[in-house]
Amino acid sequence: MKTKTIFHLFILLSAIFTASIHSQTKSYEKQIDSVLSLMTLEEKAGQLHQVSLSWATGPASPEGDKLKDIKEGKIGSVFNIRGSEKVRALQELALQSRLKIPLLFGLDVIHGFKTTFPIPLAESASWDLEAIELAARVAAVEASASGLNWTFAPMVDIARDPRWGRIMEGAGEDTYLGSLIAAARVKGFQGKGFGSVDAVMACAKHYAAYGAATGGRDYNSVDMSERMLREIYLPPFKAAAVAGAATFMNSFNDLNGVPASGSAFLMRNILKGEWNFNGFVVSDWASIREMIPHGFAENDRDAAKLALNAGSDMDMEGYCYRDNLKDLVEKGEVSLSNLDDAVRRVLRKKFEMGLFEDPFRFTDPVREEKAMNNPEHRKAARDMARKSIVLLKNDDELLPLKNGQKIALIGPLAKSEDDMLGGWAVGWDDNSDVVSQFEGFEIRFGKQNLLYSKGCGVSDPSKDGFEDAIKTAKAADVVVLSIGESRSMNGEAASRSNLGLPGVQEDLVKEIMATGKPVVILINAGRPLVFNWVADNVPTIVYTWWLGSEAGNAIADVLSGDYNPSGKLTVSFPRNEGQIPIYYNHFNTGRPSMQDIPSKDYRTGYIDLKQSSKFPFGYGLSYTSFDYSNLVFSSDRLSKDGVIDVTLTVKNSGDFDGEEVVQLYIRDLVASLVRPVKELKDFKKISLKSGESKKVTFKVDKEKLSFYNEKLDWVAEEGKFDIMIGSSSADIRLKGTIVYE
Ligand code: NOJ
């Protein structure tokens, strides 16, 4: 089914599910005032305290203490619990408290809930905002049916460093695309709005600049100019706020020496001040207390004071607020108005979510049962997965595979189910509903056409399986080799200094290539890997990331040609780790590299490495080809309040129907500050039948030419701008110049 149809079906279904929709702008301030006026300081601190529960209850366990705290109104939110029954039981406990304030239930629903979708970085490669919104919508339908009303997503951190394991969780390196995706995900999670029973509150994280961790080491310090922060790292957060994200989460890093959880600049000045955000900020796990090892706070009490005063509203598993806020307010170190503001923000969301009206609205077991077994969810996951796949090479047109070919599926990831789930799957104990690559191939190509051999492990040094793999390859017409990382090698606290293929996988590829059989490589990973030998010697390479529950089916769709790949990279692939950070929208130096060859010519670059990326931002092939022509500007002069129409024709000049992401880049040629060599400012994903042509029109206005100048004003400066249209950032097909005056 086409995404659009699935999308519309969902809109319809969510309208039916929606019992009563509270307008997101409805004001609950009076009700909040009256609740606030009844609360003791302890109860106020309780609303700002969040705990993780794993349901290992018992009077002597720490969980037991937490349950007691819930009953006494000392906890405002619980996370890591799921299931309508468990949620109902906990909510019942909360309702035994003096003021009967309901709990919020959160979880990391990052790329799907019961149905696992591709990792966010993979999804971003689809450049398909509707499909991405739908993926978040499905996750929200399932999560909300399981009792949850809050997801800790989307992660909107821009990342230019693939060593950082959490690059898998975002939308890549580009601010413009990342902002659109951030908004799409927020809309998907929050659906028709708070109060709707299938909406969960979104949480834009990690605020801010977490993706710029020095050296790609997780949690590490960030030091950057405010201009860079505002231009590159903050826009996706602002887009999430504008899209209505209910909450934000602090990042673990310090930014220019101030831990984000203690940064009044980030929270009070920018988020709650400039952006007028009326939701609340939750810390990351114990990030308030972690200001102590940072050397920023002396003890828990000091940490609580610094964080609350800076604008962190809720303390996730930190216990600093619970144990210290009362005393801090009584001694005047935290003002009552700051405390009340934080509590008011949390209560506001509880009202907006309809929890005061019906605390059990997310706990309907019948709805839960239905949502967990909805075949439409699987269809959406399969569609998203095949759109996320990026075809990197198809030199010999080996793909799509021909009918009836005997396929040898070889490699450590060919039968893996767990790995397909990716780094942030909600930990379902039973992964049997994951379609592995082997299963997907069996279904699509038939058992009789499929041979299998593992060959080796992901990181295991043993080559014992090579012999069988070679024998298997020799018995087939074509080999599909499934290699890469394991899923535990990316995500939180999984930074890597070496991005090569782990273990003996490259040796396996060499051995299989030596058989002379045609080889298709599938690379499974949560980040750009470095795989130069493979990239230079194997003519057919498909990047399959971690694609979720429907991985095997989606890959079979692409390899068989049932779906013509349309994904494009949203992050630059380095040639080696020494090149990191590498990103397409860099500045020119006074000595830009003139040609892409390593040499000591006193120009920017390396004497031992090319300057360009191995695979550039925006790159991805199709089974067909697209010709770009007829670039026309409605005018080559743009006035302050004017718009220029940039029109071109794209023709599908190959034999397959297909989709192309037409990309518009702009360069400000001379400005008061050095500007990037190109910046993505628009794109259109279009679908063309073989032989068909379509006109594509972009609108260029002042906004697209603007940037933060030295005074941090958002301005467009008069002068010349290159307008570039490309099939990737490194494949500019059409170019012209306009003058802004
Ligand atoms: C730590 C992670 O940094 C954050 O992204 C996540 O939401 C929390 N743990 C809660 O699990």
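The values are calculated or read from the model by the stated rules, or taken from the named source; none is laboratory data. Since the model is a prediction, treat every value here as computed from it, not as a measurement. Cβ atoms come from the backbone with ideal geometry, glycine included; neighbour counts cover every protein chain shown.
Give me the helices (runs of 4 or more DSSP H) completely within segment 283-352, filtered to those with at least 1 residues that are within 22 Å of Thr40 (Cα to Cα) and without any contact (Cβ under 8 Å) to a residue 40 or more places away in the chain, ordered by residue number.
Output list reads 300-310, 320-330, 336-352.
Sort out which residues of segment 202-229 are part of a helix (DSSP H, G or I), in contact with a strand residue (DSSP E or B) (Cβ under 7 Å, 6 or more places away or on another chain) and surrounded by 18 or more Cβ atoms within 10 Å (Cβ to Cβ), and write them in order of number.
Answer for segment 202-229, where residues must be part of a helix (DSSP H, G or I), in contact with a strand residue (DSSP E or B) (Cβ under 7 Å, 6 or more places away or on another chain) and surrounded by 18 or more Cβ atoms within 10 Å (Cβ to Cβ): just Ala212.
When you go through Leu325, Leu347, Leu336 one by one, which is the residue that is assigned by TED's automatic domain parsing to the domain that holds Trp150, surrounded by fewer than 22 Cβ atoms within 10 Å (Cβ to Cβ), among the hydrophobic types (A, V, I, L, M, F, W, C) and in contact with a Leu (Cβ under 9 Å, 6 or more places away or on another chain)?
Leu336
Which residue pairs have Cβ atoms closer than 9 Å, lie 6 or more positions apart in sequence or on different chains, and pair a first residue in segment 480-502 that is hydrophobic (A, V, I, L, M, F, W, C) with a second residue that is within 16 Å of the ligand (Cβ to nearest atom) and outside any loop (DSSP other than H, G, I, E, B)?
Close Cβ pairs satisfying both conditions: Met489/Gly165; Ala493/Gly165; Ala493/Arg166; Ala494/Gly165; Ala494/Arg166; Ala494/Met168; Ala494/Ser488.
With Gly491, Gly503 as the choices, which residue is within 23 Å of Glu417 (Cα to Cα), touching a helix residue (DSSP H, G or I) at 6+ places or on another chain (Cβ under 7 Å) and assigned to a loop (DSSP other than H, G, I, E, B)?
Answer to the selection: Gly491.
Residue by residue, here is whether (1) aliphatic (A, V, I, L, M); (2) touching a residue at least 60 places away in the same chain (Cβ under 8 Å); (3) in contact with a helix residue (DSSP H, G or I) (Cβ under 7 Å, 6 or more places away or on another chain) holds:
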| residue | (1), (2), (3) |
| --- | --- |
| Glu511 | no, no, yes |
| Asn524 | no, yes, yes |
| Asn532 | no, yes, no |
| Val538 | yes, yes, yes |
| Trp546 | no, yes, yes |
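Could you say which residue among Asp128, Asp161 is in contact with a strand residue (DSSP E or B) (Cβ under 7 Å, 6 or more places away or on another chain), away from the ligand (no atom under 16 Å from the Cβ) and touching a residue at least 12 places away in the same chain (Cβ under 8 Å)?
Being in contact with a strand residue (DSSP E or B) (Cβ under 7 Å, 6 or more places away or on another chain), away from the ligand (no atom under 16 Å from the Cβ) and touching a residue at least 12 places away in the same chain (Cβ under 8 Å) holds for just one of Asp128, Asp161, which is Asp128.
Only one of (1) charged (D, E, K, R); (2) within 16 Å of the ligand (Cβ to nearest atom); (3) out of contact with any strand residue (DSSP E or B) (no Cβ under 7 Å at 6 or more places or on another chain) fails for Arg98. Which number is that?
With (1) charged (D, E, K, R); (2) within 16 Å of the ligand (Cβ to nearest atom); (3) out of contact with any strand residue (DSSP E or B) (no Cβ under 7 Å at 6 or more places or on another chain) applied to Arg98, the lone miss is (2).
Just to check your reading of the model, which residue among Gly172, Gly216, Gly112, Gly178 is within 16 Å of the ligand (Cβ to nearest atom), over 23 Å from Lys370 (Cβ atoms) and not hydrophobic (A, V, I, L, M, F, W, C)?
Gly216
Of (1) out of contact with any Phe, Trp or Tyr (no Cβ under 9 Å at 6 or more places or on another chain); (2) crowded, with 24+ Cβ neighbours inside 10 Å, Leu129 satisfies all except one. Which?
For Leu129, the failing item is (2).
Return the only residue of Leu336, Leu355 being out of contact with any helix residue (DSSP H, G or I) (no Cβ under 7 Å at 6 or more places or on another chain) and either hydrophobic (A, V, I, L, M, F, W, C) or closer than 20 Å to Ser37 by Cβ (or both).
Result of the check over Leu336, Leu355: Leu355.
Take Gly618 and decide whether it is closer than 29 Å to Ile523 by Cβ and crowded, with 19+ Cβ neighbours inside 10 Å.
Yes.
Quick check on my filter: what residues within segment 131-158 are more than 16 Å from the ligand (Cβ to nearest atom) and in a loop (DSSP other than H, G, I, E, B)?
Ser146, Gly147
Here are the criteria: (1) small (Gly, Ala, Ser); (2) within 19 Å of Gly457 (Cα to Cα); (3) within 16 Å of the ligand (Cβ to nearest atom). Tell me which single one Ser495 does not satisfy.
So Ser495 meets the others, but not (2).
Which members of segment 181-200 meet the condition of being within 16 Å of the ligand (Cβ to nearest atom) and either in contact with a Lys or Arg (Cβ under 9 Å, 6 or more places away or on another chain) or not in a loop (DSSP other than H, G, I, E, B) (or both)? Give the derivation first.
Initially, segment 181-200 is screened for residues within 16 Å of the ligand (Cβ to nearest atom), giving 182, 185-186, 189, 200.
Residues satisfying the conditions are Ala182, Arg185, Val186, Phe189.
Would you mention how many residues in segment 115-166 are of a type in the set (D, E, K, R) and either modelled with pLDDT under 95 or closer than 19 Å to Ala239 by Cα (or both)?
6
Can you list residue pairs whose Cβ atoms sit under 6 Å apart, with the first residue in segment 67-94 being more than 16 Å from the ligand (Cβ to nearest atom) and the second being of a type in the set (Lys, Arg) and in a loop (DSSP other than H, G, I, E, B)? Count only pairs 6 or more apart in sequence or on different chains.
Gly73/Arg98
Would you confirm whether or not segment 116-127 contains a residue that is in the same structural domain as Ser283 (by TED's automatic domain parsing), in contact with a Ser or Thr (Cβ under 8 Å, 6 or more places away or on another chain), assigned to a helix (DSSP H, G or I) and hydrophobic (A, V, I, L, M, F, W, C)?
There is at least one residue in segment 116-127 that is in the same structural domain as Ser283 (by TED's automatic domain parsing), in contact with a Ser or Thr (Cβ under 8 Å, 6 or more places away or on another chain), assigned to a helix (DSSP H, G or I) and hydrophobic (A, V, I, L, M, F, W, C).
Does segment 648-661 contain any residue that is in a strand (DSSP E or B), in contact with a helix residue (DSSP H, G or I) (Cβ under 7 Å, 6 or more places away or on another chain) and of a type outside the set (Lys, Arg)?
Of the residues in segment 648-661, the ones in a strand (DSSP E or B) are 648-652, 658-661.
If we keep only those that are in contact with a helix residue (DSSP H, G or I) (Cβ under 7 Å, 6 or more places away or on another chain) too, we end up with none.
Looking through segment 648-661, none of the residues is in a strand (DSSP E or B), in contact with a helix residue (DSSP H, G or I) (Cβ under 7 Å, 6 or more places away or on another chain) and of a type outside the set (Lys, Arg).
I'm told Asp419 meets every condition in (1) closer than 23 Å to Gly503 by Cβ; (2) surrounded by fewer than 18 Cβ atoms within 10 Å (Cβ to Cβ); (3) in contact (Cβ under 8 Å) with a residue 40 or more places away in the chain except one. Can you identify the failing condition by its number?
So Asp419 meets the others, but not (2).
Every residue in segment 255-282 that is closer than 19 Å to Ser77 by Cβ and either more than 24 Å from the chain's Cα centre (by Cα) or assigned to a loop (DSSP other than H, G, I, E, B) (or both), please.
Residues satisfying the conditions are Phe277, Asn278, Gly279.
May I ask you to verify whether Gly427 is within 30 Å of Phe617 (Cβ to Cβ) and modelled with pLDDT under 95?
Criteria not met by Gly427.
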